[in-house]
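What follows is one structure encoded as structure tokens, with my remarks underneath.
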Amino acid sequence: MASTSGPEIERLIQLLARLPGLGPRSARRAALHLIKKREQLLGPLADAIRVANERVVVCSTCGNVDTSDPCTLCRDTRRDDAVLVLVEDVADLWALERAQVINGRYHVLGGTLSALDGVGPKDLNLDRLVARVAEGGVQEVILALNATVDGQTTAHYVTDLLSHLPVKVSRLAHGVPVGGELDYLDEGTLAAAFRQRTAL
Ligand code: ZN
């Protein structure tokens with residue numbers, strides 16, 4: 001197919017097409033939108049990307065991404081040091097923060113154990129986790145891992161890893177979603193909801 005624009009614009013489209021959720025068609029639409037909104041959007045976006053590229057760092061304490069190390073969450077003195085929430089990915093940390101469910105500290109593993117993908121304990125941010133718990137002050141580690149086979153394998157591994165330390169390890173309940181109807185749940189979710197039922 002013949003190009004409709006010069007190599008610079010084609011390059012912009014190709015890069016946009018690599019973003020999650022954008023295919024070639026929507027990338028083309030996004031590029032055109034940016035170009036049309038040059039003053040309000042393209043310029044400010046270019047500046048924001050440049051600044052992010054220069055300043056983004058991974059927090060050496062928790063593994064979050066921010067423009068400072070320690071990150072904003074680690075430096076926040078209003079947070080509860082006694083609770084440490086373990087997540088697989090920064091995206092999970094951000095989702096929990098958006099939901100405002102917990103005011104503790106976080107630790108990003110950077111993945112889950114996976115025999116299939118060849119991810120072992122050494123590939124995850126586990127040493128730092130053990131060190132943080134061993135330093136004292138943490139009373140509970142909440143495993144906020146995905147309800148996948150790899151997520152649950154990782155949860156068992158971490159529970160074992162922390163078993164010699166004086167800390168309570170808990171995990172998220174799996175069950176009926178808020179507003180969910182039993183009729184629509186898959187068997188796995190329904191079975192987990194029964195296994196983890198709570199007394200009233
Ligand atoms: Zn941090």
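Values in this text are rule-based calculations from the coordinates and carry no lab data. The structure presented is a predicted model; accordingly, all values stated were derived computationally and were not measured.
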For Leu145, distant residues with modelled amide H under 5 Å away: Leu172
Most fluctuating residue given options Gln152, Gln100, Gln40, as computed from a GNM of the chain linking Cα atoms under 10 Å: Gln40
Extension gain (nm, one decimal) between Ala48 and Leu165, 0.36 nm per residue minus Cα-Cα: 37.8 nm
Distant alpha-carbon pairs in the chain (separation over 24 angstrom), percent: 57 percent
Fluctuation leader among Glu88, Glu135, Glu181 - the chain, Gaussian network, Cα springs under 10 angstrom: Glu181
Normalised alpha carbon radius of gyration of segment 7-55 [divisor 2.2 N^0.38 Å]: 1.14
Phi-based couplings in Hz for segment 85-98 (Karplus 6.51, -1.76, 1.60; Gly and Pro marked x): 9, 8, 10, 6, 9, 4, 4, 5, 4, 5, 5, 5, 5, 4
GNM top mover of Leu84, Leu93, Leu41 - the chain, alpha-carbon springs below 10 Å: Leu41
For segment 1-66 and segment 151-200, distance of Cα centres in Å: 38 Å
Per-residue ³J(HN,Hα) for segment 49-63, Karplus 6.51 cos²θ - 1.76 cosθ + 1.60, θ = phi - 60°, Hz, x for Gly and Pro: 5, 4, 5, 4, 4, 6, 10, 5, 9, 8, 5, 6, 8, 10, x
